[in-house]
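Worksheet: one structure, shown below.
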Amino acid sequence: MILLYIDPGSGSLLFQALLSGLLTVVVFFKRIVAFIKFKFGKKNTENTTEDLDQIDQKDA
Amino acid sequence: MPNLISYRDTAARVVLEEGIYYRYIFDEYKAEYDHLTKSGLLQALTEKGLIIAQQEEEIVQGLDLPKQTQQQLQNQSPNKLYKKLKPHQIPFQSYPFEWSYSQWRKVMYAYLQINQIALGHSMILKDATPYNFYFEEGKAVLFDTSSFSFFKEGDPWMAYRQFCSEMHGPFALMHYNGQRWARLSQSHLRGLPLNFVSKQLPLKSWLNMNCLLHIHLHGKYATNDSENSSIRNSNTTNQTKQKGFSKEKIVSLMKMLQSTVVDWKKPYVFEKHWIDYYQKDIASDKYLEHKESIIKDWLSQLTKQNKLPSILDLGANTGKFSLIASEYAEKVIALEYDDICVDGIDKAIVSSKQKNIFCLRMDLAETTPNMGVLEKEFSSIYTRAKSSLVMGLALIHHLFISNQLSFFKIASILDRFSDKNVIVEFIPITDEKVQFLIKNKQRSYQDYTEEGFTKAFEQFFQIKERIQLDESERILYLLEK
């Protein structure tokens, strides 16, 4: 049992249920896009471990 | 570092033992800590510089623990200690309400990055507070090692509300309404109520998906009333099981939030009037060269034996002299009043070879005091930034004229910050910048004289050297206590 000393707030948890529903749609479309990209041989360029500075420099 | 650190945490406690900070992990956190280390998560985060480096030390149990340590462990039984960690000692800590926009952005990005990496190891951060981060070499680093909890499919994001009210909310306010909103965090240490944030944000924020969902709509649903919130432990996640996220969904959510952080490169900027002040830069090359060479000379004199432990640069502006000083000290702390300038110094640190500079926003006439519970959670800037050398270059005219501080008060401030030496620049009344500042002021500035300046400073310091700068009426002073 993890004692959570940060009170999460029950309203926020209910709201997460809504978010979860919305994310079902988002994830559904992301999977389709990923599948299409895969089929066309495009490499997965998403990299969550990239540094913010690197991203900013690329965009500059 | 303040005395009341991590007092709310039940998994671990930070303790000061003979001048060194340690983190004691308690028995109840054993499973999480073991997974954190054995799964490779801790190593992955350490290698990326996202979490503070640390090593395990031999642990002493029970009554063999030093008395001071036992006292600091308070309610936790000394027999239930699992690990003793010695983290890299934080050289300097600044607080979220002292950060510039780009610093907030780095923390937001790092937080979401850490969570995504953690989710890959079935863990997640149970806290979402910017106070768990500090800056080193211009990078945001998490120092709360015991903030990780397990995440399994279907779990809700327990830190979500805290994320929105302590991180996303303030950051959105800064982005849409200006960097000044960071300062509100100083009077709201536990975050901003979401309905409040929602009301302050402009209409166009409703068109941003992340603001719409996580602030505006969330603010309408979430209750801030803790009496209505009965959830205190993870047993109740059984009830909310269906309301949680799959790993894929929560990672998607983190990515969406992260893309907003990346997109929001700059804050809304109000202050245009200072542009005139900086653009009409009278600084001749000779003046700057001479100033630089004297300061380097003095720094060399002061560091004949060893580098100074710390140099404080007050009113650091672009950070030019902080960068110069950084070669002569273990660390340089740069305080600057203007938010945009702090962003500039932050950029300069990242691109410079010398990375031992810490910058933050500070108004010298409204400094951060001791704050929080029993005024022991957060330290005054005077405690944190006290240094053996304090530099006050192109500063005192701002404090005298804009802040209406007498020379005695200015000298008191520098005296309070300094352990030994001060380098200060006197800018006379005939200087163009001073004339700009006093342009529309009603009062006479007859008391603004070099004589008045030296008289005030001599009450705290001895004047070691006085040098008039080339092609300028400005004068550099080297002072010693």
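Every read-out reported here was derived from the displayed coordinates using simple, explicitly stated rules and does not represent laboratory data. What you see is a predicted model, and the numbers here were worked out from it, not measured in a lab. Neighbour counts are summed over all protein chains in view; Cβ atoms, including those assigned to glycine, are modelled from backbone coordinates with ideal geometry.
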- Note on the structure: Amide H contacts under 5 Å for B:SER310, restricted to residues at least 5 apart in sequence or on another chain and with H modeled in the peptide plane, are B:GLU330, B:LYS331, B:SER388, B:LEU389
- Item | Part-to-part distance (alpha-carbon centres) for the range B:346-391 and the range B:165-182, which is given in Å | 21 Å
- Taking a straight Cα-to-Cα line shorter than 18 Å from B:LYS249, and setting aside same-chain lysines fewer than 8 residues away, one finds A:LYS30, B:LYS126, B:LYS152, B:LYS241
- Message: As a test, work out the antiparallel percent of DSSP beta bridges whose residues both lie in chain B, rounded to the nearest 5.
- Response: 60 percent
- Message: I'd like the mean, over residues of B:156-169, of how many other protein chain beta carbons sit within 10 Å of each residue's own Cβ.
- Response: 4
- Give the relative contact order (percent, whole number) for chain B; include only Cα pairs under 8 Å separated by 6+ residues. 13 percent
- Two-decimal Rg/Rh across the range B:89-224, once Rg and the Kirkwood Rh are taken from alpha-carbon atoms: 0.96
- Peptides ranked, highest mean first, by Cβ atoms within 10 Å: ranges B:435-443, B:137-145: B:137-145, B:435-443
- Query: Which of the lysines could a cross-linker span from B:LYS265 if the Cα-Cα distance has to be under 20 Å and same-chain partners fewer than 8 positions apart are dropped?
  - Reply: A:LYS58, B:LYS106, B:LYS139, B:LYS204, B:LYS255, B:LYS347
- With unit charges on the beta carbon (Lys/Arg positive, Asp/Glu negative), name the residue among B:MET108, B:SER252, B:ILE311 whose Cα is farthest towards the positive pole of the charge dipole of the protein assembly as shown. B:SER252
- Query: Can you give the Kirkwood hydrodynamic radius of chain B from its Cα pairs, in Å with one decimal?
  - Reply: 24.6 Å
- Item | Among beta bridges that DSSP assigns inside the protein assembly as shown, antiparallel share in %, nearest 5 | 65 percent
- Task: Count, for each residue of A:19-30, the Cβ atoms from other chains sitting within 10 Å of its Cβ, then give me the mean as a whole number.
- Result: 5
- Output ordering of B:167-179, B:294-306, B:247-259, B:16-28 (per-residue mean of other Cβ within 10 Å, highest first) is B:167-179, B:247-259, B:16-28, B:294-306
- Query: How well do other chains shield peptide A:51-59, expressed as the mean number of their Cβ atoms within 10 Å of each residue Cβ?
  - Reply: 5
- Item | 17 Å Cα-Cα reach of B:LYS286 towards aspartates and glutamates, excluding residues that sit fewer than 8 places from it in its own chain | B:ASP297, B:GLU425, B:ASP431, B:GLU432, B:ASP470, B:GLU471, B:GLU473
- What does the charge add up to near B:GLY191, with Lys and Arg as +1, Asp and Glu as -1, over the other residues with Cβ less than 11 Å from its Cβ? +1
- Query: With Cβ to Cβ distances under 11 Å as the rule, what net charge do the other residues near B:SER418 carry (K, R +1; D, E -1)?
  - Reply: +1
- Kirkwood Rh over alpha-carbon pairs of the protein assembly as shown plugged into Stokes-Einstein at 25 °C, 0.890 mPa s gives a D in µm²/s of 96 µm²/s
- May I ask you to list the GluC sites (Glu not before Pro) in the range B:359-458 that are in a DSSP loop and have at most 13 other Cβ atoms within 10 Å of their Cβ? B:GLU458
- Note on the structure: The equivalent-ellipsoid semi-axes of the range B:312-447, taken as the square roots of five times the Cα gyration tensor eigenvalues and listed largest first in whole Å, are 25, 19, 14
- Rounded to whole angstrom, the alpha-carbon centroid of the range B:12-26 lies from that of the range B:127-150 at a distance of 16 Å
- Query: Looking at the square roots a ≥ b ≥ c of the eigenvalues of the Cα gyration tensor of the range B:396-481, which shape do they give, rounded for a/c under 1.5, prolate if a/b is larger than b/c, or oblate?
  - Reply: oblate
- Task: Stick to the Cα atoms of the range B:442-481, pair each with every other, and give me the Kirkwood hydrodynamic radius in Å at one decimal.
- Result: 11.5 Å
